[in-house]
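Please read the structure below before turning to the comments.
The values are calculated or read from the model by the stated rules, or taken from the named source; none is laboratory data. Every value quoted in this text rests on a predicted model; they were computed, and no experiment measured them. FYI the Cβ positions are ideal-geometry reconstructions off the backbone, even for glycines, and counts take in every protein chain you see. To get the accessible areas, we keep the full protein, side chains included, count just its heavy atoms, and leave off ligands, DNA and RNA. Shrake-Rupley method; radii C 1.70, N 1.55, O 1.52, S 1.80 Å.
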Amino acid sequence: MKYQVIYTKTALKQFKKMDRKIAAFILAFIEDKLVDCENPRAIGKALKGNLNDVWRYRIGDYRLLAKIEDDQLIIIIVEAGHRKNIDEE
């Protein structure tokens, strides 16, 4: 079972606003670690509270928030950005 990655419109807008090098760094992480992975939960961390269905991935000083749909084998990238700007609470 391999997971595929899709992006929300919000996430795509955030990538366009980022510095190109940083966006490339995050996209490389997604391609390397998440695309066609067997278990996306092995490298991420679940959020708590009302966002308990969202997983976060730390990429240096940046965070990636994603929802994992096991029944469809997809990872939905919800939000990406600097740690201080990502709303995890």
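Ligands, DNA and RNA are left out, and with a 1.4 angstrom probe the accessible area of the chain is 66 Å² per residue. Dividing the mean sequence gap of close Cα pairs (under 8 Å, 6+ apart) by how many residues segment 5-89 holds gives a relative contact order of 32 percent. The amide H of ILE74, built 1.01 Å from its N in the peptide plane, has GLN4, GLU69 as neighbours under 5 Å, considering only residues 5 or more places off or on other chains.
Phi angles across segment 68-78 convert, under the Karplus curve 6.51 cos²θ - 1.76 cosθ + 1.60 with θ = phi - 60°, into 3J(HN,Hα) values of 10, 9, 5, 5, 10, 6, 10, 10, 9, 6, 8 Hz, Gly and Pro given as x.
What a 1.4 Å probe finds exposed on the chain is 49% carbon and sulfur by accessible area, rounded to a whole percent. Annotation: for a label point projected 7 angstrom from Cα along Cα→Cβ of ARG41, residues of segment 67-87 with backbone N closer than 12 Å are 68-71. A simple charge model with +1 on the Cβ of Lys and Arg, -1 on the Cβ of Asp and Glu and nothing else charged puts the dipole of segment 11-89 at about 500 debye relative to its Cα centre. Counting only Cα atoms, the size of segment 45-89 along its three principal axes is 32, 20, 14 Å, in decreasing order. Rounded to the nearest angstrom and listed largest first, the equivalent-ellipsoid semi-axes of segment 1-57 from its Cα gyration tensor are 20, 16, 10.
If R0 is 25 Å, the Cβ-Cβ spacing of PHE25 and LYS48 corresponds to a FRET efficiency of close to 0.40. Close Lys pairs in segment 20-89 (alpha-carbon distance under 22 Å; sequence gap of 8 or more, or different chains): 9.
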